[in-house]
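Please treat every number below as a calculation from the coordinates, not as lab data. Small disclaimer: the values here were computed from a predicted structure and weren't measured. Please note: Cβ atoms are built from the backbone with ideal geometry, for glycine as well, and neighbour counts cover all protein chains shown.
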Amino acid sequence: MSIRIGIAGYGNLGKGAELAVRANADMELVAIFSRRAGKQGAQLDVSVPLCSIEDAADMVSDIDVMLLCGGSASDLPEQGPYFASMFNTVDSYDTHAKIPGYLASVDAAAKNTTAIISTGWDPGLFSMMRVLFGAALSEGKTYTFWGKGLSQGHSDAVRRIDGVKHAAQYTIPNEEAISTVRSGQNPVFTARDKHMRECFVVVEPGSEKAKIENAIKNMPNYFADFNTTVNFIDEAEFMANHSEMPHGGVVLHSGKTGTNNQAMEFSLKLDSNPEFTGSVLAAYARAAFRMSQEGLYGAKTVFDIPLGYLHEKDRASLIKELL
């Protein structure tokens, strides 16, 4: 039986999720929901209906899991609880400081559904590595570095500022800080020590660039704690140089067992951030479906999901082939 999937939000992540669903033999894409239905441009798969967000409530019986592909800045705080009240859901909410509050709001809505929040790679896979590394090597420290790459969440947050037409935000790690950790030292870093942020912005005609730059640099949870550079460019340059979406990062953990140094590392190098994130959402859709079938309702995080629930193969096959 195929897992029937809906996608809410048809930007870069929604298109990546669409590719991922079509790549999984046990999934079927039923519909795509967008605020811009009827105005959207080319669809990847024109055989799938492109519907208005408001139509989703009429399709509860047709969809097993809804992938929420809106932005964390303003879409998901509203859409997460709304959709979780009707559907099993998976999202990639990535405002780390606000995850506990978001989890609570989704959990309050998910009375008869399973809603898995904050999947993707960070939060998501990187979160799992931080827990695993810290559990296996308790006398040590964990460090996370992102980039160099384009951050979807931060780019979306900049695009939500009045007067911004296009925006791309790149997270750039401090290579010296990474080398210090890899050498076996356990330094104390501030957020500003580990990364800088660089923005490339196209503004609407007549917009005040100084006001926009100030709004970016002082945005809490996104830019206020980092050295941030804002570059204003024209649309042609943006389309030519900032349309690709690579990203990646590394989780490092170094510590000791007795007198011996030990180190663990997990890294990602991604040509397409949204396509990879969409693939992770699809895997967690499988878990959401399985958990809902077992009556395991409420809001869940990656820490609550058994690894075997993510894979298409059954438990016996995983044990035989991969354990």
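Summary of computed values
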item	result
Dipole of the chain, positive end: most advanced residue of M291, P100, I212 [Cβ charges, Cα centre]	P100
Leading residue at positive end of dipole, the stretch 161-255 (Cβ point charges), from G249, N186, N227	N186
Likely footprinting exposure, R4, R36, fewest C-beta neighbours within 10 Å first	R36, R4
Fluctuation leader among M264, M291, M129 - the chain, Gaussian network, Cα springs under 10 angstrom	M264
Average Cα contact separation per residue, the stretch 153-230, under 8 Å, 6 or more apart, as relative contact order %	36 percent
Rounded if a/c under 1.5, otherwise prolate or oblate - the chain, Cα gyration tensor axes	oblate
For the chain, size of Cβ-based charge dipole, Lys and Arg +1, Asp and Glu -1, in debye	680 debye
Residue exposure sequence - C199, C69, C51 - by fewest surrounding Cβ within 10 Å	C51, C199, C69
FRET E, pair S179, T229, Förster distance 25 Å, beta-carbon r, rounded to 0.05	0.65
FRET efficiency estimate (nearest 0.05) - Cβ-Cβ, T301 to N260, R0 35 angstrom	0.60
FRET efficiency for E204 and E244, using Cβ-Cβ distance with R0 set to 25 Å, rounded to 0.05	0.60
Gain upon complete extension [A57, K313; 0.36 nm per residue less C-alpha separation]	89.0 nm
Kyte-Doolittle at least -1.0, axis length at least 20 Å by Cα - qualifying DSSP helices, the chain	273-293
Sum of -39500 (n - 2.57) over DSSP H runs of 4+, divided by residues of the chain (222 nm, nearest 500)	-10000 deg cm²/dmol
